[in-house]
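See below for the structure under consideration.
The values are calculated or read from the model by the stated rules, or taken from the named source; none is laboratory data. Predicted model, so just to flag it, every value in this text is computed and none were measured. With ideal geometry, Cβ positions are generated from the backbone for all residues, glycine too; neighbour counts draw on all protein chains shown.
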Amino acid sequence: MQLDRIRNFSIIAHIDHGKSTLADRILEVTDTVSGREMREQLLDSMDLERERGITIKAQAVRVLWKGHQLNLIDTPGHVDFTYEVSRSLQACEGAVLVVDAAQGVEAQTVANAYLAIENDLELLPVVNKIDLPQADPDAAATEIAELIGGEPDDVLRISAKTGQGIEDVLDAVVERIPAPSGDRAASARALIFDSSYDQYRGVVAFVRVVDGSFGTGEELLAMAQGTRFEAEELGFFSPTMRAVETLEAGEVGYVITGLKDVSRLRVGDTLTSRANPAAGPLPGYKDVKPMVFAGLFPTDSDEYPELRDALEKLKLNDAALVYEPETSNALGFGFRCGFLGLLHMEIVRERLEREFDLDLLVTAPNVAYRVLTLAGEEVEVHNPAEMPPDIERVEEPYIRASIIVPKEYVGPVMELCTERRGRFDHMEYLSEERPLLIYELPLAEVVVDFYDQLKSRTRGYASFDYDVIGFREGSLVKLDVLIAGESVDALSLIVHRDSAYGRGRALVDRLREEIPRQMFDVPVQAAIGSRIIARETIKAKRKDVLAKCYGGDITRKRKLLERQKKGKKRMKQVGAVEVPQEAFLAVLNLNENGK
Amino acid sequence: MTAGARHLYVHLPFCAHRCGYCDFVTVVGRRAEHGSYVDALLSELELERALLAPELETVFLGGGTPTFTEPRELRRLLEALPAAVEVTVEANPETVTPELAALLRAGGVTRVSLGAQTFDPALLHVLERVAGPDDVRHAFYHLRDAGFDNISLDLIYGIPGQSASGLDADIDEALALGPEHLSCYELEAKPGTRFTHRHGEELARQAVALEGYFERVVTRLTAAGYRWYETANFCLPPEAQGGRDLRSQHNLGYWLGHDYLGVGVGAVSTVRGRRWRNTPRLPTYTAALARGDTPPREIEELSAGVLLQERVMLGLRLDEPLPLDGLAPVLDGAALTRLERLELVARGPADRGEALTLTPRGRLLGDGVTAELLV
């Protein structure tokens, strides 16, 4: 296909604003699928080609519209995957920005729009769901125009649900989004914007060819990582897999690599020909590093091997997930896992529990810290328990948060952000009613229940998104919890000095409630270094014996004793103290609730 | 062992009224059935006589309210039972008349265990006891008058509404009578009883205060010169009583792991590694024996390991050291060391090897300590 007949674009939207419905409708209107197939296949998360044993989700679908080849590239919805989103956007020349006619612009709309603008994309604003009774297309159009510049009249008004205005969207894609530029005579270069793992075919890379062309069977090289492989098959989705002999500059498609490990082919890397390699890679590759960490422990310690196997399997398809074995004195054997963000953590946790049927104990999440020791050594710390003792300086990751709220909630939101050590950057009005607040916040303050608090203080109206902007020094301390003088590693936290006392007090109070009384007094303490900042004592039991035990009671008594012993087996041993797993759960929940 | 059981328990289930907290096998009223029940008891005894040693150490008549049994039938039973060194009968105060005391005495009873429970009229009412405080005292005097020189009083503490000073007053009243033996039980609100249904919440609310009551009972009674020889049992020491061992020899048999035969509805026996419980249903029990059959039973075979466990579980209730000889397979050595460090158990030399005792605080926490000690 001629370059000027190709258009590559994404659809970006806040969650539930109608992105997938619009995508489905585009496939229908362009006769890529029939209405019947639509229901049977695409609503089933596009799990295609089941009969061929391939269950790769189509990350890009090719459709034909009035003599043009349109490639619709899917983007991950959430900013935890900002880097992946930006790589997908880099593969496009334009983006359809969808806004719900009833809800208007939301935080994710803003974050995605900014990303698109940063990637020099032509934005095609669309107001969706105009068929809804509560729709206010003009207000939504005004908000979009305010956000991205331009005139409210240029905003298309559609209903993906009824099909109204879909053809106008396709026409506008052709007319307003630029054709790709690229040198078809140059050495081949393609951007990997997504990859998946299939158990039969190995790693499948989704690529946008920028220069030159790629042929089936060609020896290829991923330039940043140096990974080499043969292009076993080239092709595109429409919406099923269609193999082709070549993929040319401007085109979007897939490459089946036969590689057995997704981490060998990272999103953002550049593919080139080994025989005729390009002089340099495409710009923008970076090695994404996890920002949020948590310990994952099986509730039943016998399930440790199952957890390990499950993580291995998830890792096949999730290059961003990292993990290493961790041993906790309180929780036993588990893994310290690194995630891109909170949502990523939630996804992994949910998949482990649902797909692998594991019962997990998850420690309070923490962020990555950069620590300079007194000895001048720089270390990155992913686990509060591993904080070095002699610290010169600690840096923590900061985010830029975009929060949109109805104006009456600006006060409570600012209050929350201030409590969370936020620095106000600026506020702009998307409309008279809905200001956009920009704050800079420590990520650590956001991983602990910020979102729930935000929702509860704004009756659910606030929308929130963020991106990481770098590391900054913080006045941070390690808070330890000691039970009967023994530090409980799983409960260690890194907190801001100012909130250490409150957190320590809350932890100690909760543990006192949750730990059953023992045969001796058990002090529960919170400490910063050697300084105790909160203390409670669980008083020893004064009596634990059944009064009566005669001939007829012996069997019952023995069974009670056996039950008592069995109960003890489920306890986690901290020194001489038996702590029920529920106590850890309660305290870990407390951390999530940030009280 | 081969000589047969030297302890016999006889269950008499009849009561005037079933107290709310009671979970024993009891039958209210049915005076007309007392005769047929005694027949059944004697038949069962006849069927199992081979399990008994020729000479018995103890016989214990428990209930129910043994002394509520029709006097004629009670007399017949006492006369028919084999002789023993110690013959104990449980009695409820309101049933003890001079005539009954004389009947017991004539029937060879050597020891009476009187269910006083408390001397506080309000608390007696909570427990749904028929007797009043004066009944308790009068019963005690009648027994003394009949010549009983070994009387035990049962006290219950931790009754809903009982204050610490109320407990002290009860102990004072009991001590004033000068009993040879005292059994003090914390009220156990067993799930499913009418009592728990009615008073459970109040008991839960009092739980923390009640915890101290046990310790208080022990302190008061030992200060008064009683020997705390078992978790819930106290007796005057031999030196005060001309060298007599006033411990309940029958119950001591249980705690030392001796064999015992139990006859009667719901009665439990343990003989040669086998434990069985008779049916708790009175008509089933009497009907079977009327046919000359043994009553339906729930049987439990006790493995060597279980017997050792029970040996530890029961033995640690006593103040006498438990010889460790042979117990190694069921004891957790690490736990033993840990508990020694916590001063809950103490090890000392014994005739053969070592013996284990619980410290006073260890005895208050006996169940927890035992659960730790056993592997």
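Quick notes on this structure:
- Beta carbons closer than 7 Å, at least 6 apart along the sequence or on distinct chains, pair a first residue in region A:290-309 that is closer than 14 Å to A:Asn383 by Cα with a second that is among the aromatic types (Phe, Trp, Tyr) and not in a helix (DSSP H, G or I) for A:Pro290/A:Phe339; A:Val292/A:Phe339; A:Leu296/A:Phe335.
- Looking only at region A:191-233, residues that are among the β-branched types (Val, Ile, Thr) and within 21 Å of A:Arg7 (Cα to Cα) come to 4 in all.
- Any hit, region A:117-136, residues being part of a strand (DSSP E or B), at pLDDT 95 or above and touching a His at 6+ places or on another chain (Cβ under 9 Å): yes
- Residue that is nearest to the other protein chains (Cβ to nearest Cβ) [pool: residues in region B:358-375 that are touching a residue at least 24 places away in the same chain (Cβ under 8 Å) and surrounded by fewer than 17 Cβ atoms within 10 Å (Cβ to Cβ)]: B:Val375
- Flag for B:Pro179 being outside any helix (DSSP H, G or I) and away from every other protein chain (no Cβ under 14 Å): yes
- Taken over region A:75-93, the criterion of being in contact (Cβ under 8 Å) with a residue 60 or more places away in the chain and assigned to a loop (DSSP other than H, G, I, E, B) is satisfied by A:Thr75, A:Gly77, A:His78, A:Ala91, A:Cys92, A:Glu93.
- Considered as a group, the residues in region B:258-268 that are within 16 Å of B:Ser43 (Cα to Cα) and not hydrophobic (A, V, I, L, M, F, W, C) include one that is farthest from the other protein chains (Cβ to nearest Cβ), and that residue is B:Gly264.
- Residue satisfying all of: in region B:233-277; free of Cβ contacts under 8 Å to residues at least 40 places away in the same chain and small (Gly, Ala, Ser); surrounded by the fewest Cβ atoms within 10 Å (Cβ to Cβ) among these: B:Gly242
- Here B:Asp351 meets the list (1) more than 10 Å from every other protein chain (Cβ to nearest Cβ); (2) within 28 Å of B:Thr219 (Cα to Cα) almost entirely, failing just condition (2).
- Just one of the numbered conditions (1) surrounded by 17 or more Cβ atoms within 10 Å (Cβ to Cβ); (2) out of contact with any Ser or Thr (no Cβ under 7 Å at 6 or more places or on another chain) is not true of B:Phe24: (1).
- Selection count where residues are crowded, with 24+ Cβ neighbours inside 10 Å and assigned to a loop (DSSP other than H, G, I, E, B), scope region A:94-116: 4
- Candidate set from region A:410-446 (those that are aromatic (Phe, Trp, Tyr) and out of contact with any Lys or Arg (no Cβ under 7 Å at 6 or more places or on another chain)); member that is modelled with the lowest pLDDT: A:Tyr429
Quick grid of which residues meet (1) surrounded by 14 or more Cβ atoms within 10 Å (Cβ to Cβ); (2) closer than 20 Å to B:Glu33 by Cβ; (3) touching a residue at least 40 places away in the same chain (Cβ under 8 Å):
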residue: B:Arg281; (1), (2), (3): yes, yes, no
residue: B:Ala287; (1), (2), (3): yes, yes, no
residue: B:Ala304; (1), (2), (3): no, no, no
residue: B:Val312; (1), (2), (3): yes, no, yes
residue: B:Glu320; (1), (2), (3): yes, no, yes
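- When B:Ala346 is tested against (1) within 14 Å of chain A (Cβ to nearest Cβ); (2) in a strand (DSSP E or B); (3) in contact with a helix residue (DSSP H, G or I) (Cβ under 8 Å, 6 or more places away or on another chain), only condition (1) is not met.
- Candidate set: region B:211-257, residues that are in a helix (DSSP H, G or I) and under 15 Å from the mean Cα position of the chain (by Cα); chosen: the one farthest from the other protein chains (Cβ to nearest Cβ): B:Gln249
- Within region A:544-583, restricting attention to residues that are part of a loop (DSSP other than H, G, I, E, B) and in contact (Cβ under 8 Å) with a residue 60 or more places away in the chain, the residue that is nearest to the other protein chains (Cβ to nearest Cβ) is A:Ala576.
- 3 or more residues of a type in the set (Gly, Ala, Ser) and in contact (Cβ under 8 Å) with a residue 12 or more places away in the chain: qualifying strands (runs of 3 or more DSSP E) within region A:320-439: A:332-339
- Scanning region A:460-475 for residues that are touching an Asp or Glu at 6+ places or on another chain (Cβ under 6 Å) and either modelled with pLDDT under 85 or not in a strand (DSSP E or B) (or both) yields a count of 2.
- For region B:95-138, taking the residues that are more than 19 Å from B:Ala169 (Cβ to Cβ) and small (Gly, Ala, Ser), the one that is surrounded by the fewest Cβ atoms within 10 Å (Cβ to Cβ) is identified as B:Ala106.
- Counted residues, region A:232-253 - those being on the phi < 0 side of the Ramachandran plot, crowded, with 21+ Cβ neighbours inside 10 Å and over 26 Å from the mean Cα position of the chain (by Cα): 6
- B:Ala3 meets all of the listed conditions (1) hydrophobic (A, V, I, L, M, F, W, C); (2) out of contact with any helix residue (DSSP H, G or I) (no Cβ under 8 Å at 6 or more places or on another chain); (3) part of a strand (DSSP E or B) but one, namely (3).
- Check on B:Leu123, modelled with pLDDT under 95 and assigned to a helix (DSSP H, G or I): yes
- Counted residues, region B:63-108 - those being within 17 Å of B:Leu41 (Cα to Cα), assigned to a helix (DSSP H, G or I) and not polar (S, T, N, Q): 12
- Of the residues contained in region A:294-315, none is found to be β-branched (Val, Ile, Thr) and closer than 21 Å to A:Val203 by Cβ.
- Any hit, region A:211-226, residues being assigned to a loop (DSSP other than H, G, I, E, B) and of a type in the set (A, V, I, L, M): yes
- Test: residue in region B:165-181 that is within 25 Å of B:Leu261 (Cα to Cα), in contact with a Phe, Trp or Tyr (Cβ under 9 Å, 6 or more places away or on another chain) and not hydroxyl-bearing (Ser, Thr, Tyr): yes
- The residues in region B:141-192 that are at pLDDT below 95 and among the acidic types (Asp, Glu) can be counted, and the count is 2.
- Candidates in region B:279-336 are the residues that are within 14 Å of chain A (Cβ to nearest Cβ) and assigned to a loop (DSSP other than H, G, I, E, B); of these, the one that is farthest from B:Leu261 (Cα to Cα) is B:Asp332.
- When residues of region A:500-540 are limited to those that are touching a residue at least 24 places away in the same chain (Cβ under 8 Å) and part of a loop (DSSP other than H, G, I, E, B), the one farthest from the other protein chains (Cβ to nearest Cβ): A:Gly529
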